Structures are given as structure tokens and as C-alpha cells.
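Enquirer: Please find one structure pasted underneath; my questions will follow.
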Amino acid sequence: MDDLTTTRAMIIDLDGVLWLGDTPLPGLHEFFALLRRRQIRFILVSNNATTTAQTVQAKLRRMGVEVGPEEILTSSAATAVYLRDLFPPGARIYVVGEAPLKEALTSIGFLLADRAENVQAVIGSLDRQVTYQMLTEASLAIRAGALFLGTNGDVTYPTERGLAPGSGALLAALQAASGRTPTIVGKPEPYVYAQALARLGASPEDTLALGDRLETDILGGQRAGLKAAIVLTGVTRREDLENSPIRPDWVFEGLPDVCRALDGVSR
């Protein structure tokens, strides 16, 4: 991919790229119109395991953009698919996580355990109702030999009051208690990118990763063999680029500049 005009498919982050909170970012409608017009296939990939494809679809619809649920991949759905390739339906899974993750697992036939006994896998994720007993059962299951997975390693997530503990913070507690390191399914690890590329039917060489976080969106895309572009409408600021070893292939102020690059229009 010499320039963005040769892009055939895209793996796109959500918060900080398409919207901030409930506010669509400038250029949102033009961006999706261009993707449809140019027939650029895309998957919207979120590390957020507390949301569903339907929730994302509804949010974009409220913003005036229509996407299909098949064009959305969350880390909870990716984790369920990852486990489906390892265990048969009926396997007992212990979950530290919220309803969307649990629904993704039960929808493909897994059983949710409430105790550590006979558990084949433990999944750690953001759970805003976590209790000490839940962490205890999860740790006991991991120590007994259960597979240890994390939906994503993000140690914080943004709230109106500042950064709150994220999935990675709970994973750190389980890791300290069990002595085991989790396998992470979401960004920046390769598993979620492999699933996205499979859905797209695309090769890494023809696919662009677009995000706002160097350490997840950009690093993950590059690890998967994709070119990666960052927008400065989310977490990353221009001064962060100067201090980071992670180097995106393109840097854009926002979606309008991405659109111009995809169309081959200079500013």
C-alpha cells in the first residue's frame, strides 16, 4: 500500500475516531459515505467488552450512520470465537465481566460457572460490579489449571471524572493472585485482527488500521502486518508522537483529512 488510494479494506476504532462520548466527530457522515462509494470494506473493532454490536449499531444510527452488525467486532465477541476454537459447547467458563461478554459466550453454547470447580477457562474483563469472592473463584480456577484469558489489557478507561480502572487492572489482580499471565484477545494482540481480516476476506497488505491510540490501535495493526493511520481526535496528541517508539504510517488531524487521503486529494 503505497498511499491510501489503494486501500481495499479498513479496521477502524470507535471512540476517539468516530465519536467522543455521545458526540460524533467532524467528518463522520462523509467518511462512511466515502467508504460506501469507494466500496472499501470495513470492520469497526472495539476493545470495549461491555458493549455489543447492536449497541454500537444503534449509537451510529442515532448519529445518522447505518452499519450492519456484521461490520462490528467487539473484544467480547472475539473472545467467544477464540474459545469456540478451543473448547466444545457445554464447557464451563468462569467470567469476571459484564452482561455483553456473558451473552457472547452463552450464545455459542458455553456454560457460565459460579464456582472454581471444573472450570476450563477464566475470562477477565472490565466488571463494574466485581467482588472479592468473584476474584477468589477466578484465581482458584486459574491455579487449578484453567486457561486464563483477558478480553483486553487496557488498564484504564475514561469517565467524566477522569481515568477509572479498566480490564487490565482486574487482570493484574488475578495475575498477582494466581501467578499466571493471561492471553489477551483484544488489541494490540493479533487474535482480534485475524478475526477481522477473516470477516473482511482481506489481506493485510490491502488493509488499513485506523485508530487514536498508539499502544493499541497502531501497534496492534502493525503487528498484524497492516499499515496504520492515527487521528489526533482522541487519546494521542501530536507531542505523544515525538516521544513514542510506535510510529504510525500516517498522521491525520481527523476524519476529514482521512477522507481526502483516501480520495487522493491534497489539502
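Enquirer: Rg(Cα) of the stretch 88-184 divided by 2.2 N^0.38 Å?
Expert: Dividing the Cα radius of gyration by 2.2 N^0.38 Å gives 1.03.
Enquirer: How large is ³J(HN,Hα), in whole Hz, for each residue of the stretch 123-140 in order, when computed from phi with the Karplus curve 6.51 cos²θ - 1.76 cosθ + 1.60 and θ = phi - 60°, using x for Gly and Pro?
Expert: 10, x, 7, 5, 9, 7, 10, 5, 10, 4, 5, 4, 5, 5, 4, 4, 5, 4
Enquirer: Separate question: In whole angstrom, note down how far apart the Cα centers of the stretch 234-267 and the stretch 79-128 are.
Expert: When both Cα centres are located, 37 Å separates them.
Enquirer: Something else now. Assuming R0 = 22 Å, can you tell me the calculated FRET efficiency for the pair Glu30 and Glu253, based on Cβ-Cβ distance, to the nearest 0.05?
Expert: FRET efficiency, Glu30 to Glu253: 0.95.
Enquirer: Let me ask something else. With both partners inside the chain, how many of the DSSP beta bridges are antiparallel, as a percent to the nearest 5?
Expert: Working: 6 of 37 bridges.
Beta bridges within the chain, antiparallel portion: roughly 15 percent.
Enquirer: Continuing with this model, one more query. Among Thr156, Pro100, Val192, whose Cα sits farthest toward the positive end of the charge dipole of the chain (+1 at Cβ of Lys/Arg, -1 at Cβ of Asp/Glu, about the Cα centre)?
Expert: Of the listed residues, the answer is Pro100.
Enquirer: Expected output is a single nm value to one decimal: the length gained when fully extending between Arg143 and Leu86, i.e. 0.36 nm times separation in residues minus the C-alpha distance. What is it?
Expert: Full extension from Arg143 to Leu86 adds 18.6 nm.
Enquirer: What ³J(HN,Hα) values, in whole Hz, does the Karplus curve 6.51 cos²θ - 1.76 cosθ + 1.60 give for the stretch 77-93 when θ = phi - 60°, with x put for Gly and Pro?
Expert: Here the 3J(HN,Hα) series is 5, 5, 5, 4, 5, 4, 5, 4, 7, 10, 10, x, x, x, 5, 8, 10 Hz.
Enquirer: Something else now. Given the C-alpha atoms of the stretch 40-146, compute the convex hull and give its volume per residue in Å³. Walk me through the numbers on the way to the answer.
Expert: Numbers: hull volume 10.8 nm³, N = 107.
Once divided by residue count, the hull of the stretch 40-146 is 101 Å³.
Enquirer: What's the extension gain from Ala99 to Arg237 if we count 0.36 nm per residue and subtract their Cα-Cα distance?
Expert: In short, 46.4 nm is gained.
Enquirer: Separate question: Treating cross-link reach as a plain straight distance, find the lysines whose alpha-carbon is under 18 Å from the alpha-carbon of Lys187, omitting any fewer than eight places away in the same chain.
Expert: Lys227
Enquirer: Set the Förster radius R0 to 22 Å, insert the Cβ-Cβ distance between Val155 and Gln54 as r into 1/(1 + (r/R0)^6), and round the FRET efficiency to 0.05.
Expert: 0.20
Enquirer: Same structure again: Compute the helix-to-body angle for 53-62: its Cα long axis versus the longest principal axis of the chain, expressed 0 to 90° and rounded to tens.
Expert: 40
Enquirer: Return the inverse of the average 1/r over all pairs of distinct C-alpha atoms in the stretch 59-115, which is the Kirkwood hydrodynamic radius, in Å to one decimal.
Expert: Kirkwood hydrodynamic radius for the stretch 59-115: 12.6 Å.
Enquirer: If I take R0 = 22 Å and measure r between the Cβ atoms of Ala177 and Glu117 in this structure, what FRET efficiency does the formula 1/(1 + (r/R0)^6) give, to the nearest 0.05?
Expert: Numbers: r = 17 Å, r/R0 = 0.79.
So the FRET efficiency works out to roughly 0.80.
Enquirer: Another question, then. Mind checking the stretch 210-254 for trypsin sites (Lys or Arg not before Pro) that DSSP puts in a loop (not H, G, I, E or B) and that have at most 13 other Cβ atoms within 10 Å? Let's see the in-between values first.
Expert: Values: sites: Arg213, Arg223, Lys227, Arg237, Arg238; in loops: Arg213, Arg237.
Those that pass, being in a loop and sparsely packed, are Arg237.
Enquirer: Follow-up question, since we're still on this one. Would you pull out the residues with amide H under 5 Å of Ala164's amide H, same chain only if 5 or more places away, H placed 1.01 Å from N?
Expert: Here Tyr157, Thr159 satisfy the definition.
Enquirer: Now for a different question. Rounding to the nearest 10 and keeping the result within 0 to 90°, find how far the Cα-based axis of helix 190-200 lies from the longest principal axis of the chain.
Expert: 60
Enquirer: Still on this structure, I have one more. Give me the one-decimal nm value for the distance between modelled label points at Thr5 and Glu215, 7 Å along each residue's Cα-to-Cβ direction.
Expert: Distance between the two pseudo-spin positions: 3.8 nm.
Enquirer: Collect residues whose amide H, placed 1.01 Å from N in the peptide plane, falls under 5 Å from the amide H of Leu147; neighbours closer than 5 in sequence don't count.
Expert: Close amide H contacts, sequence-distant or interchain: Ala121, Val122.
Enquirer: Using only Cα atoms, tell me the angle between helix 28-37 and the longest principal axis of the chain; keep it within 0 to 90° and round to the nearest 10.
Expert: Helix 28-37 sits at roughly 80 degrees to that axis.
Enquirer: Mind giving me the nanometre distance, one decimal, between the label points for Gln39 and Ala194, set 7 Å out from Cα along Cα→Cβ?
Expert: The two pseudo-label positions are separated by 3.0 nm.
Read the figures in this text as sums done on the coordinates, not as results from a lab. Here the structure is a predicted model, which means the values were calculated and not measured. Cβ atoms come from the backbone with ideal geometry, glycine included; neighbour counts cover every protein chain shown.
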